[in-house]
Each structure stands twice: as structure tokens, then as C-alpha cells.
């Protein structure tokens with residue numbers, strides 16, 4: 001029993017002693033490791049210091065290469081209700097009025113509404129044209145906005161990007177919260193936000209301005225093309241419709257005239273037929289009809305003839321108006337095939353003015369068409385000149401991104417980290433070689 005207790009005590013003491021020894025060795029090892037780290041850093045201090053200083057000094061001129069200037073601009077595309085902006089629409093206006101009275105109409109070439117907006121389907125069509133980088137590069141070449149050096153830089157940058165979606169982004173008229181509170185009948189695009197990062201503030205600002213002009217020209221071209229094509233198609237359809245109506249009306253007039261002549265003959269041959277004014281003459285054959293007295297039918301035929309003549313006169317007037325519109329829109333549509341530099345709106349406006357120069361404006365039909373087309377062009381001019389314009393920017397960037405201080409600070413810490421790791425790596429290699437040398441000497445002694 002005493003021996004067993006002795007063994008147990010000696011074992012526990014040995015175990016406790018081993019634990020204390022391991023703790024002491026671990027502490028000494030940790031102290032040695034920390035000391036070794038400091039010793040390694042001190043030994044390679046010149047490598048770390050010189051490397052960090054060189055990297056920091058190199059980052060100063062390099063910061064001028066990586067930094068850029070960013071310009072922004074907001075180009076308005078739509079004019080909201082009553083000429084105001086979406087923010088000006090008060091919540092009570094939507095809550096107090098029924099939805100049927102709050103109408104946001106899309107602009108149409110046939111009759112451009114006073115509320116000119118770009119709907120979501122329209123924006124998808126238009127944006128496919130003004131976000132194409134190749135079309136934009138052709139536009140810059142034709143307009144000669146940039147000198148050769150800057151143009152080469154822009155071409156090289158955009159050649160790698162198929163589109164301008166990163167530089168031209170749509171701004172919706174209403175946010176999700178506004179859609180819930182205001183209950184507008186239609187969501188549309190109010191503006192586009194333009195941005196560009198360039199090597200100089202002048203380049204960034206001029207690029208945003210060039211993109212804005214490009215978007216305006218593309219929209220102007222698309223809207224005017226749609227106006228001319230749809231106007232021509234509608235005028236052509238109406239001319240065909242009125243010509244067919246005139247044929248039918250003239251045939252009806254001829255039939256009524258013959259009927260009136262026959263009734264007149266009947267009245268002359270059968271004068272006693274007028275005595276049947278209070279009675280009806282009934283056909284005894286199956287499927288027969290009842291007839292009024294000849295004099296009554298003559299009056300009805302005369303009234304029908306007069307009404308038909310008036311309808312023919314009005315139809316002929318509408319036909320002349322639409323024939324005149326068809327000729328005008330044919331000229332407008334034909335000019336779309338011509339590849340001429342400049343504003344398409346101005347070119348079509350000149351064609352419109354020349355078209356009415358040799359026309360008699362005192363003529364009712366000519367006056368109606370001229371006033372209608374002039375009103376359309378007046379609304380177009382308001383849309384292209386007043387609505388579609390920069391409401392913000394292009395801004396002139398004052399500071400570059402990232403700043404020189406940030407680049408130098410990041411380079412300093414990265415250099416310190418890198419060269420410290422390099423020092424430990426070199427120390428590891430050196431210590432490995434020393435161990436190999438010591439092991440070789442030991443084997444020789446043995």
C-alpha cells in the first residue's frame with residue numbers, strides 16, 4: 001500500500017513537473033520567437049526601409065497615371081404634367097382626383113401632346129441607338145468635337161466596350177414609394193444621368209457634354225423619323241379611305257337621282273296616287289313591301305340627295321386636306337433617306353416652309369394643313385430646345401480620384417508589408433543554408 005502510494009505520488013509529481021516544464025519551455029519559446037522576429041526585422045532593416053521608400057517615391061508620379069477626373073450631368077428627356085417635374089406633383093392632387101382625370105399621355109407624331117414624355121417602351125427603342133458605342137464614335141468623327149490625340153484615347157477606351165450603358169443611365173420619373181403614394185397612371189423616364197472619367201477635367205467635362213448632344217440628336221432623329229413615317233402612313237390611309245367613300249357617295253347620289261326621276265314619272269302617270277296619302281298601298285306578293293305615296297317618296301329622295309351632296313362636299317374637302325398632307329409627308333419621308341449632317345428637325349422644318357411657299361394660304365384646305373403642321377413643329381421645337389437639355393452639369397471636376405495622398409498611403413503600407421515578408425523569406429533561406437553547412441561539418445567530424 002505504501003509502495004503504491006509512493007508510486008502514485010511520484011507519478012503525480014512527475015506529471016506536474018512535466019507540465020510546469022512544458023509551460024516554461026513554451027514561454028521561453030514564445031519569447032525566443034518574438035525576439036527572433038524583431039532580430040530578423042532589425043537585420044533586414046535596410047532592405048525594408050529602402051524598399052518602402054523607393055515604392056513610396058515611385059507611387060507619387062504613378063498616382064498621376066492612375067487617377068482620373070469624373071464629370072457628371074443630368075439631361076432631361078421628359079416634361080411632366082402641367083410642365084412641372086415629378087417632385088412638384090403633390091400627393092393630394094392624386095388622392096383627391098379620380099385616376100381617370102390624371103392622364104399622362106405619350107407624345108405621338110400625329111398630334112404631339114403638350115405633355116412630352118419618354119415612356120418605358122420608347123426608351124428601350126431609343127436607348128438601343130444612343131448607347132451604341134460605334135454610333136457614338138461615328139458621331140464624334142462627324143462632329144469633330146475632340147482633337148486627334150483625345151479622340152484616339154476615347155476610341156481606344158470605347159473599342160473594348162460594346163455599349164455606353166455604364167456612362168448613360170436612366171432616371172425614372174417616380175420612385176417606388178412615390179408610385180405607392182401618388183398612384184400615377186404611367187411610369188416614364190424623366191432624364192438620363194451621364195458620367196465620364198477622363199485624364200483631365202476638361203476632357204471629362206467635354207465628354208459628358210458630347211454624350212448629351214449625342215443623346216439629344218439621336219432622340220430628335222428617332223422622333224422626327226417616326227413623325228414623318230407615321231404621318232405619311234396615316235395620310236395615305238385616309239386618302240384611300242376618302243376616295244372609296246367618294247365613289248360610294250357618288251353612286252348613291254346617282255341612284256337617288258334616278259329614283260327621284262322615276263317617282264316624278266309615276267306621279268305624272270298616276271295623278272290619283274296622291275289621293276292615297278292617308279292610306280298605304282300594300283304589295284300582295286310574298287315578301288312585298290309597303291310604299292308611301294309618290295310625292296312623299298320624292299321629298300325623301302330630294303332630302304337624301306341634298307344630304308349626299310353635302311357629305312360629298314365634306315369628303316372632297318377632307319380628301320384635299322389629306323392629299324396635301326400626303327404630299328408634304330412624302331417630301332419629309334423622302335428627306336430621311338438623305339445622309340446630310342446637321343439637325344434633322346431643322347432640315348424637315350425647312351422642307352415644310354418651302355412646301356407652303358407656293359401655296360395659296362387663303363385656301364381653306366391649305367390653311368388647315370399649314371396650321372396643323374406648324375403647331376406640331378412648334379411643339380417639337382419646345383421639346384427639343386427647352387425640354388431636352390442639361391438641368392445639371394456637365395460638372396467641371398476639381399479633384400482627381402483617387403487622391404495622391406491615398407495612393408501614397410496605400411503604397412506605403414503595402415510596401416511595408418511586402419518587404420517585411422521578403423525579409424522573413426530571405427532569412428528563412430539564409431538560415432536553411434547555415435543549417436546545411438553545420439550539418440555538413442558535423443558529419444565530417446564524425
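Bear in mind that the values in this text are calculations on the coordinates, not laboratory data. These numbers come from a predicted model, not from an experiment. With ideal geometry, Cβ positions are generated from the backbone for all residues, glycine too; neighbour counts draw on all protein chains shown.
Subtracting the Cα-Cα distance from 0.36 nm times the residue separation, let me have the gained length for residue 296 to residue 172 in nm, one decimal. Provide the component values of the computation, followed by the final result.
On the way: separation 124, 0.36 × 124 = 44.64 nm, distance 6.74 nm.
Length gained, residue 296 through residue 172: 37.9 nm.
Give me 362, 378 sorted ascending by neighbouring Cβ count inside 10 Å, so fewest comes first. Let's see the in-between values first.
Working: 362 7, 378 11.
Ordered from fewest to most neighbouring Cβ atoms within 10 Å, 362, 378 come out as 362, 378.
Could you list 195, 374, 127 so that the one with the fewest beta carbons within 10 Å of its beta carbon is first and the one with the most is last? Could you put the intermediate results ahead of the total?
Details: 195 19, 374 14, 127 22.
Ascending Cβ contact count within 10 Å gives the list 374, 195, 127.
Report the full-extension gain for the segment residue 266 to residue 306: residue separation times 0.36 nm, less the Cα-Cα distance, to one decimal in nm. Walk me through the numbers on the way to the answer.
Details: separation 40, 0.36 × 40 = 14.40 nm, distance 2.15 nm.
Stretched out fully, the residue 266 to residue 306 stretch lengthens by 12.3 nm.
Counting other beta carbons within 10 Å of each residue's own, what order do 327, 438 fall into, fewest first?
On the way: 327 14, 438 10.
Exposure proxy ranking, most exposed first: 438, 327.
If you stretched the chain out fully between residue 362 and residue 416, how much longer would it get, using 0.36 nm times the residue separation minus the C-alpha to C-alpha distance? List each step's numbers first, then the result.
Working: separation 54, 0.36 × 54 = 19.44 nm, distance 8.82 nm.
Residue separation times 0.36 nm, minus the Cα-Cα distance, leaves 10.6 nm.
At what distance in nm do the modelled label points of residue 120 and residue 381 sit from each other, each positioned 7 Å from its Cα along Cα→Cβ?
Label-label distance for residue 120 and residue 381, simple model: 3.6 nm.
Report the label-to-label distance for residue 180 and residue 434 in nanometres (one decimal), using points 7 Å from each Cα along the Cα→Cβ vector.
Reported label-point gap for residue 180 and residue 434 is 7.0 nm.
Could you work out the relative contact order of the range 126-247? I mean the mean sequence separation of Cα pairs under 8 Å and 6+ apart, divided by the number of residues, in percent. Don't skip to the end; give the middle numbers.
Values: 75 pairs, mean separation 31.1, N = 122.
Relative contact order here is 26 percent.
Can you tell me the FRET efficiency between residue 350 and residue 241 if r is taken as the Cβ-Cβ distance and R0 is 41 Å, rounded to the nearest 0.05?
On the way: r = 31 Å, r/R0 = 0.75.
So, using R0 = 41 Å, E works out to roughly 0.85.
Hey, with R₀ at 30 Å, roughly what FRET efficiency would residue 405 and residue 157 work out to, going by the Cβ-Cβ distance, to 0.05?
0.65
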